[in-house]
Every structure is written in C-alpha cells, then in structure tokens.
Amino acid sequence: MRTHYCGELRPTHGNQEVTLCGWVDRCRDHGGVIFIDLRDRTGTVQVTVDPEGSPQVFAQAEQLRNETVLRINGHLRLRPEDSINPKLATGAVEVLATGLTVLNSIKGTLPFGVSVHDEEPVREELRLRHRYLDLRRQRMQRNVALRHLVMQTARRFLDGQGFLEVETPMLTRSTPEGARDYLVPSRVCGGEWFALPQSPQLFKQLLMVGGLERYYQLARCFRDEDLRADRQPEFTQLDLEMSFLSQEQILTINELLVAHIWQNVLGVKLPLPFPRLSWREAMDRYGTDRPDTRYGLELTDVSDLVADLKFKVFSQAVARGGVVKCLALPQGNEQLSNVRIKPGGDVFAEATGAGAGGLAYIRVRDGGVLDTIGAIKDSLSPERAQALLQRCGAQPGTLLLFGAGDGAMVNKALDRVRQFLARELQLIPANTWNFLWVVDFPLLAWNRDEQRLEALHHPFCAPHPADIHDLGKARAQAYDLVLNGLEVAGGSLRIHNAALQQQVLEVMGFSPQEARRQFGFLMDALDMGAPPHGGIAYGLDRLVMLLAGEDSIRDTIAFPKTQQARCPLAAAPAPVEPSQLKELHVASTWVQANQEEPNDGAATT
C-alpha cells in the first residue's frame with residue numbers, strides 16, 4: 001500500500017515514484033495550487049497538487065478535511081530553494097501528486113485539533129475520552145516512541161548481561177501487606193479469589209530458587225490505591241532479580257543500565273558511580289528519603305542550641321522528644337516578605353499543609369544582628385546566637401526558617417517548604433540529572449493506626465547482619481534510586497533463610513499459623529536450597545515521564561486511567577449483567593444514593 005513513510009523522505013531518495021499513506025494534517029490553497037501536509041507516525045511531508053497536471057486529483061483535494069486518511073501516489077522532487085522548510089526534516093523535498101485515494105473520510109466535527117500546527121491546549125478529560133485522536137498528536141507520538149526506545153534499550157542491555165526475560169502469573173493470591181489488591185472472583189472455585197499482582201515479588205524470588213540466577217520482566221502491576229499525577233491503578237515495572245551478588249554489585253549493574261538508557265535515549269553521559277546516602281542522613285539533611293540534590297537548602301538540626309530558650313515553641317518541642325530544624329535561605333531577606341511567612345502567606349500554607357503549626361523565622365541583618373520576635377531574640381545569648389549562625393552557615397541577608405515539633409512532622413513540613421521555595425525562586429538548574437542511591441532504610445516502621453510494626457518496603461527485605469539481634473530496630477539491606485527528588489526504582493537483598501523470614505513476620509505481628517497460611521509456599525522454597533539473591537524494580541512510567549520532560553505519567557501511557565481510576569475512553573469500570581455475577585458466586589452490596597436496599601443485580605454507580 002505504501003513505498004515509503006512520510007517522515008523518511010530526503011533529497012537522497014532522488015527522483016522516484018512514491019506511494020504514501022497517512023492523515024491530512026492540513027490543506028492550503030495557494031493561488032490555484034493545493035498543498036497537503038501528509039502526516040504519519042514518522043513525520044510530515046508536503047504533497048503538491050497541480051490542477052494542470054492532475055485535474056481529477058485537484059478536484060478531490062479541494063474537498064479534503066483535516067484528518068482524512070489518504071493514499072497518495074506521486075513523484076518525489078526537490079523543493080525550490082526559496083521554499084525549503086528548515087523546520088521539517090522533509091523540508092527539502094515534496095511529492096507531486098499523480099493519484100489520490102481517500103481511504104477513510106471524517107464524519108462530524110473533531111473534538112479538538114490534531115495538526116502539528118495546532119498548539120491550543122486541550123482539557124485532559126477530553127484528550128482521554130478521545131485518546132485515539134490524542135495519540136495522533138506530535139507530543140503523544142513522541143512519548144510513545146520514547147517509551148518503546150527505553151524498553152528496547154533496557155532489554156538489549158540486560159540480554160547482554162545474561163538476564164532471562166520470564167513472565168510471571170497475572171492471577172495470584174491476595175497478600176495482606178502493601179496497597180489494596182484488585183480481586184478477581186473464581187468461577188470454578190466458588191467463594192475463592194485471585195488477586196492481580198501488585199508486583200511479581202514472590203514469583204521472581206522463586207525463580208531464583210529455581211536456579212535461573214538473572215531474571216527481568218516488563219511486568220504489569222495493579223494497586224487499588226489513591227492516585228496522583230505519577231500513579232496509576234495499573235502500571236509497568238522493569239523488574240530485575242539476581243542471585244549470588246552483593247548489594248554493591250547489584251547497584252553497579254543498575255548504574256550501568258541507567259547510564260546505557262540515558263546515553264542511547266538522550267545522548268547524555270552520566271557520571272558513575274552515583275552518590276550513596278544513608279536513609280538517616282537523607283532524613284537529617286533533607287527531611288525526605290527522596291531528596292532533590294540539584295540545589296542546596298539543606299536542613300540543620302539546632303535542637304541543642306534552642307532547648308533551653310524561653311521561646312516555648314522551641315523548648316517544649318525538644319522537651320517532648322521532638323526536634324527543631326532550620327532551613328537557611330541565602331538572600332532570603334530580599335526574596336521573601338513577612339507576609340508570605342506569616343498566617344495567610346503562601347510559604348506559611350506550605351508548612352501548615354504538612355502538619356506544622358507555622359514557621360518561626362530569623363532575619364540576619366548586617367553585622368550579624370538578628371531580626372526576629374522578642375521571645376527568640378531576648379533569650380539568645382551572643383554566644384548562642386553566633387553558634388546558631390555558624391551552624392546554619394548564615395550570612396547577612398540570610399533568612400532562617402524554623403520547624404519545631406515531632407521529628408517526622410518537622411521533616412515533612414520543611415521538605416515541602418524547601419521544594420516550594422526552590423521552584424518559586426528558580427533555584428533548580430535546568431537539564432540536570434542528579435541520581436542518588438538512598439541505602440540502609442529501616443527494616444520496619446511503626447503503624448500508629450494499627451499499633452504494630454510493618455515493613456517499610458515489604459516483609460522480604462533482608463536485615464543487616466549486624467542488626468539481626470533486634471529486628472524491631474534493624475536496618476534493611478534496601479536501596480532506592482532517586483532522580484531529581486523522585487524515586488524511580490527500589491529494591492533490596494532478600495531473606496533467603498526460612499527461619500529468619502519467620503522471625504521477621506512474627507515481629508510484624510503474624511502468628512505462626514497466619515505466616516504459614518499466607519507465605520508457606522515461599523518458606524518451603526527457602527528451605528530447599530535458596531541462593532542469596534536481591535533485586536530491584538523501576539517504575540517505567542515515571543522513568544519515561546522524566547526522560548520525556550512531562551509532569552504526569554498519564555502522558556507516557558497509551559491508554560491511562562484518570563485520577564478517579566476510570567477509563568473515559570471505554571467508560572470503564574462499568575456495570576455487568578446479574579447473570580455474570582451469579583456465575584461467579586458473587587452478589588453486589590453496592591447501595592446507590594437513592595436506594596435503601598442493596599442491589600441484587602449488577603453493581604452500578
């Protein structure tokens with residue numbers, strides 16, 4: 001049907017007859033000659049329709065609408081020098097049409113423009129409802145092609161490193177840890193349920209027990225959780241697992257993988273190795289375990305310097321076991337007014353939005369004079385004030401912002417203020433890729449709602465050998481890869497000893513019977529010659545989002561869901577027939593707003 005793609009035509013193709021297929025990007029009538037910009041996924045080329053040479057083709061061209069699907073027969077020729085379009089890769093050539101076939105015409109009005117020349121913003125809801133049109137647009141074409149290139153580049157690298165691509169089950173059992181599962185009722189096993197995998201975690205560990213040693217998969221994962229711009233109910237992981245490697249060896253392989261992707265996709269050479277930062281140091285210096293290190297504004301703990309001040313916000317926070325931390329903003333005196341820091345201000349709102357009561361502040365004036373409220377200024381001796389300025393690296397013109405209270409809350413609030421100010425004051429350098437390994441996470445964290453310990457990552461992370469005597473306070477041999485303040489991958493060495501796995505589950509509150517019921521198949525496998533192993537999983541959607549320079553992973557997925565976990569295109573989820581529910585031994589208890597009794601048929605919204 002075609003001899004060439006539109007975007008590949010160049011002067012080197014010479015004078016030849018070509019057949020092209022694609023969509024009408026736009027038509028222009030210039031003094032009796034019609035120019036058609038014909039577009040396919042490779043690009044756009046100009047087709048010229050001359051009424052003298054092809055009157056029948058010209059008559060057809062006069063009736064064309066944008067996005068009509070065409071086949072063009074014609075003669076490839078060089079464009080006159082004064083009409084070359086340097087903005088187009090095909091701008092030095094054109095096709096003189098000798099034949100035109102309409103393969104499909106447009107009925108009705110397009111909901112939005114698709115042309116490469118149409119830069120009008122379109123509401124995301126409308127884009128997703130007509131995603132097939134949105135996918136024709138240059139932006140989405142580029143992003144989908146970029147995603148393909150990332151996947152193929154990763155595959156080639158891992159193939160060269162001796163990895164095997166293995167598919168793991170999509171129907172598995174529900175597990176109690178992590179996000180909520182998407183459940184699938186079984187028709188043949190009445191009353192029992194499958195779960196769609198939140199990750200291939202257990203199966204990839206079993207592949208290591210099976211002796212495959214190096215595994216990878218572009219794995220589809222499902223989590224029924226609240227959504228954000230960088231989350232989806234179904235998403236793709238680049239999933240890896242390796243046997244007989246130390247943590248440092250695993251990190252090195254992954255650095256080489258990431259560097260290979262960045263070199264092949266963007267032509268960017270990344271400096272190796274990536275920096276390492278312990279979880280504790282990341283929390284102390286940045287207030288978060290995924291710090292953006294492209295700019296400074298690090299946090300400083302000043303609890304010891306303010307513990308005995310008369311300013312009770314500080315002294316009481318320390319007395320109750322909390323902390324007082326400071327964020328020093330150079331030239332902040334000029335950049336931020338008091339109005340923005342006090343109640344009603346945007347900086348104040350960032351802090352309170354993260355749970356803080358507000359922000360205390362000190363302005364450093366010439367000569368090291370402190371400009372602040374009397375309760376702080378009057379209780380700081382000259383020696384203590386000097387020590388405070390020295391620890392925070394403050395100079396005249398610096399604005400010091402303080403958070404006081406529970407350590408987790410202070411970290412969250414100042415991290416949020418730090419990121420907000422970096423964006424507002426344009427402190428983030430462009431075209432910078434700051435990768436960072438965060439290591440030595442806590443193995444377990446306290447869940448206040450459930451009053452128990454839970455896994456910070458998952459229950460299968462191996463504790464540090466030095467910490468096995470106290471699993472409640474142990475560090476995990478876990479690692480996250482952070483890029484510009486976003487986590488793009490996470491992994492760990494795994495527990496490969498069944499007795500230790502049982503211990504960890506017991507500390508988390510699992511009875512031996514419950515641990516056996518949920519994870520007995522894993523512990524049986526660990527008792528049958530499981531090798532030391534570990535792995536990592538990349539959020540492919542988020543990785544492509546960063547490579548593409550997008551703000552949402554929805555713009556890197558062909559058919560994404562909305563933030564309400566809906567597909568506007570297919571109108572899913574949707575009701576099903578009562579007969580289908582009956583076959584599955586399921587009854588709906590969904591109650592509509594205008595009903596008092598549960599539905600005895602399909603669940604509807």
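Matching residues to (1) closer than 18 Å to GLN518 by Cα; (2) open to solvent by 70 Å² or more (accessible area, probe 1.4 Å):
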position: LEU128; (1), (2): no, no
position: LEU149; (1), (2): no, no
position: THR153; (1), (2): no, no
position: GLN161; (1), (2): no, no
position: ARG187; (1), (2): no, yes
position: TRP193; (1), (2): yes, yes
position: GLN205; (1), (2): yes, no
position: MET208; (1), (2): no, no
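Restricting ALA603, ALA558, ALA593 to residues that are assigned to a loop (DSSP other than H, G, I, E, B), modelled with pLDDT of 90 or more and open to solvent by 30 Å² or more (accessible area, probe 1.4 Å) narrows the list to ALA558.
Can you find a residue that is open to solvent by 70 Å² or more (accessible area, probe 1.4 Å) and under 30 Å from LEU359 (Cα atoms) anywhere in the range 497-518? Within the range 497-518, not a single residue is open to solvent by 70 Å² or more (accessible area, probe 1.4 Å) and under 30 Å from LEU359 (Cα atoms). Scanning the range 522-538 for residues that are touching a residue at least 60 places away in the same chain (Cβ under 8 Å) and either within 32 Å of the chain's Cα centre (by Cα) or not in a helix (DSSP H, G or I) (or both) yields LEU522, MET528, GLY529, ALA530, PRO531, PRO532, HIS533, GLY534, GLY535, ILE536, ALA537, TYR538. Here LEU88 does not fit the description of being crowded, with 19+ Cβ neighbours inside 10 Å and out of contact with any Lys or Arg (no Cβ under 8 Å at 6 or more places or on another chain).
Residues considered: ARG280, ARG294. Of these, the only one that is open to solvent by 10 Å² or more (accessible area, probe 1.4 Å) and under 21 Å from the mean Cα position of the chain (by Cα) is ARG294. Only residues that are open to solvent by 30 Å² or more (accessible area, probe 1.4 Å) and modelled with pLDDT of 95 or more were counted across the range 12-25, and they come to 2. If you go through the range 417-451 and keep only what is surrounded by fewer than 19 Cβ atoms within 10 Å (Cβ to Cβ), outside any loop (DSSP other than H, G, I, E, B) and under 21 Å from the mean Cα position of the chain (by Cα), you end up with PHE420, ALA422, ARG423.
The set of residues from the range 186-234 being farther than 30 Å from SER552 by Cβ and out of contact with any strand residue (DSSP E or B) (no Cβ under 9 Å at 6 or more places or on another chain) comprises ARG187, VAL188, CYS189, GLY190, LEU206, GLY210. With the condition kept exactly as written, say whether any residue in the range 101-111 is open to solvent by 30 Å² or more (accessible area, probe 1.4 Å), closer than 22 Å to ARG10 by Cβ and among the polar types (S, T, N, Q). Within the range 101-111, not a single residue is open to solvent by 30 Å² or more (accessible area, probe 1.4 Å), closer than 22 Å to ARG10 by Cβ and among the polar types (S, T, N, Q). Going through (1) over 21 Å from the mean Cα position of the chain (by Cα); (2) crowded, with 18+ Cβ neighbours inside 10 Å one by one, ALA219 falls short only on (1). Against the numbered list (1) in a helix (DSSP H, G or I); (2) crowded, with 16+ Cβ neighbours inside 10 Å; (3) of a type outside the set (Val, Ile, Thr); (4) touching a strand residue (DSSP E or B) at 6+ places or on another chain (Cβ under 8 Å), ARG136 comes up short only at (1).
Scanning the range 20-34 for residues that are in contact (Cβ under 8 Å) with a residue 12 or more places away in the chain, over 41 Å from the mean Cα position of the chain (by Cα) and in a strand (DSSP E or B) turns up ASP29, VAL33, ILE34. I'd like the residue in the range 567-583 that is open to solvent by 70 Å² or more (accessible area, probe 1.4 Å) and touching a Ser or Thr at 6+ places or on another chain (Cβ under 9 Å) and, out of all such residues, is farthest from LEU128 (Cα to Cα). Restricting to residues being open to solvent by 70 Å² or more (accessible area, probe 1.4 Å) and touching a Ser or Thr at 6+ places or on another chain (Cβ under 9 Å), the top hit is PRO575.
The values are calculated or read from the model by the stated rules, or taken from the named source; none is laboratory data. Worth saying up front: this structure is predicted, and the values here are computed from it rather than measured. Counting neighbours? That spans all protein chains shown, and the Cβs are built from the backbone with ideal geometry, glycine included. Heavy atoms of the whole protein, side chains included, go into the accessibility calculation; ligands, DNA and RNA do not. Shrake-Rupley method; radii C 1.70, N 1.55, O 1.52, S 1.80 Å.
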